[in-house]
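Q: Could you have a look at this structure, given as structure tokens, before my questions?
Throughout, read-outs are computed from the coordinates displayed, never taken from laboratory work. These numbers were taken from a predicted model, which means no experiment stands behind them. Glycine gets a Cβ as well: all are built from the backbone with ideal geometry, and neighbour counts include every protein chain shown.
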Amino acid sequence: MTEHAIQLAHKFLNGDEQNALSFIHTVLANNDRLSLYEDLITPAMIHIGKLWERNEITVADEHLATAICDYIISYVEFKSAAMDAASNRKVMLFGVEGEEHYIGLKMATSVFQEFGWKLRYLGPNLPLRHAETAVNAWQPDVVAMSAALSYRLPMLRKSVEVLASVAHKPTILIGGRMSPHAKFEDVAAPGQVVVLQSLRDLHAWLQHTGKGAVTENVIS
Ligand code: B12
């Protein structure tokens, strides 16, 4: 955990988004969006989780910090939104049914945006039957899901099983704290499910898939 990430966590907890933004501009003068997400925001939120676990902050404090964090990500996305979609590839992203953690997923959406993909970000806790309807209607090349808690793994597995078998057979991307613990070999075609632990992994995967068909370039 860097000192900068701890400082950012306290700026989130103070609820002052302008102060958090100017801090980010100062420490990230020569850094990129990926570094902002992986090296500052993610460890800042993990630090907030530790303070919460130790009862050093309240649930209300943590909600305020999440709201400021969300604002910062929206701001960064807005600043780069002028870029036209440079790709015909489509990605739909959402948190699996029951999953309320969405900051990682929102940042993953932003990484896809950087690569010019057409985006549908459906937020946290999307009921599976509605996810299936949306995937069938929009036919994304990639369906990206996130799960943060161990007891979400059965729903994650069920979601993969259902969404991997829709007619156009999208690539399924899995991320979130629980992604390293997930196994899907028996519920989807070989190579159809890609588990990525970080946004840097996603960035590398997107650089790789940019050169060919989505399902031909799987890093597992
Ligand atoms: C904020 C927060 C909340 C907020 C969420 C708000 C929101 N809108 O997201 C609220 C208050 C809703 C919440 C609720 C709960 N939370 Co909570 N929460 C957190 C906290 C502090 C930060 C989460 C966060 O934003 N992390 C930062 C993001 C960036 O990290 P990340 O999600 O892992 O994402 C990274 C990667 O996983 C990856 N990634 C994520 N998604 C995706 C998707 C794709 C496609 C890709 C490629 C990559 C990717 O990219 C990111 C960067 O590397 C964490 C602490 C922590 N360690 O994370 C606890 C934490 C996750 N929560 C925890 C708990 C226990 C809960 C609750 C069960 C509490 C309760 N009793 O109600 C509920 C469950 C709610 C639910 N139904 O899902 C525990 C989990 C403990 C455990 N053993 O697993 C933690 C670790 C806190 C703690 N230390 O105890 N929480």
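Q: What area, in nm² and to one decimal, does the C-alpha convex hull of the range 3-79 cast on average over all directions?
A: 4.6 nm²
Q: Of the cross-linked pairs Lys50/Lys118; Lys79/Lys183; Lys11/Lys79; Lys79/Lys169; Lys11/Lys183; Lys118/Lys169, which ones have a Cα-Cα span greater than 27 Å in the structure shown?
A: Lys50/Lys118; Lys79/Lys183; Lys79/Lys169; Lys11/Lys183
Q: Turning to a different aspect of this structure: With a sphere of radius 12 Å drawn around the Cβ of Lys90, what net charge do the other residues whose Cβ falls strictly inside it have (Lys, Arg +1; Asp, Glu -1)?
A: Numbers: positive: Arg89, Lys118, Arg120; negative: Asp141.
Net local charge, Lys90 excluded: +2.
Q: Of the peptides 181-194, 108-121, how do they stack up when ordered by the mean number of other Cβ atoms within 10 Å, highest first? Mind dumping the intermediate values first?
A: Working: 181-194: 14.5, 108-121: 19.4.
Descending packing order for the listed peptides: 108-121, 181-194.
Q: If you take the C-alpha gyration tensor of the chain, multiply each eigenvalue by 5 and take the square root, what semi-axes do you get, largest first, in whole Å?
A: In descending order, the three semi-axes are 30, 20, 15 Å.
Q: So what's the back-of-envelope 222 nm ellipticity for the chain, counting only DSSP H runs of four-plus at -39500 (n - 2.57) apiece and dividing by all residues, rounded to 500?
A: Dividing the helical sum by the residues of the chain leaves -14500 deg cm²/dmol.
Q: Note down the net charge around Ser165, summing +1 for each Lys or Arg and -1 for each Asp or Glu among other residues with Cβ under 15 Å from its Cβ.
A: 0
Q: What ranking do 127-133, 156-162, 94-100 get when scored by the average of other Cβ atoms within 10 Å per residue, highest first?
A: 94-100, 156-162, 127-133
Q: Something else about it: Note down the net charge around Asp186, summing +1 for each Lys or Arg and -1 for each Asp or Glu among other residues with Cβ under 15 Å from its Cβ.
A: Neighbour charge sum, excluding Asp186 itself: +1.
Q: Using a Gaussian network model of the chain with C-alpha springs under 10 Å, which one of Ser146, Ser80, Ser179 is most mobile by mean-square fluctuation?
A: Ser80
Q: What list of ³J(HN,Hα) couplings, whole Hz, do you get for the range 64-78 from phi and the Karplus terms 6.51, -1.76, 1.60, once you set θ to phi - 60° and write x for glycine and proline?
A: Once θ is set to phi - 60°, the couplings for the range 64-78 become 4, 4, 5, 4, 5, 4, 4, 4, 4, 5, 4, 4, 4, 5, 4 Hz.
Q: Continuing with the same structure: Over the range 3-79, what is the relative contact order in percent, taking alpha-carbon pairs closer than 8 angstrom and at least six residues apart?
A: Averaging sequence separation for qualifying contacts and normalising by length gives 45 percent for the range 3-79.
Q: How many percent of the alpha carbon pairs in the range 98-220 exceed a separation of 21 Å?
A: Percent of Cα pairs beyond 21 Å in the range 98-220: 31.
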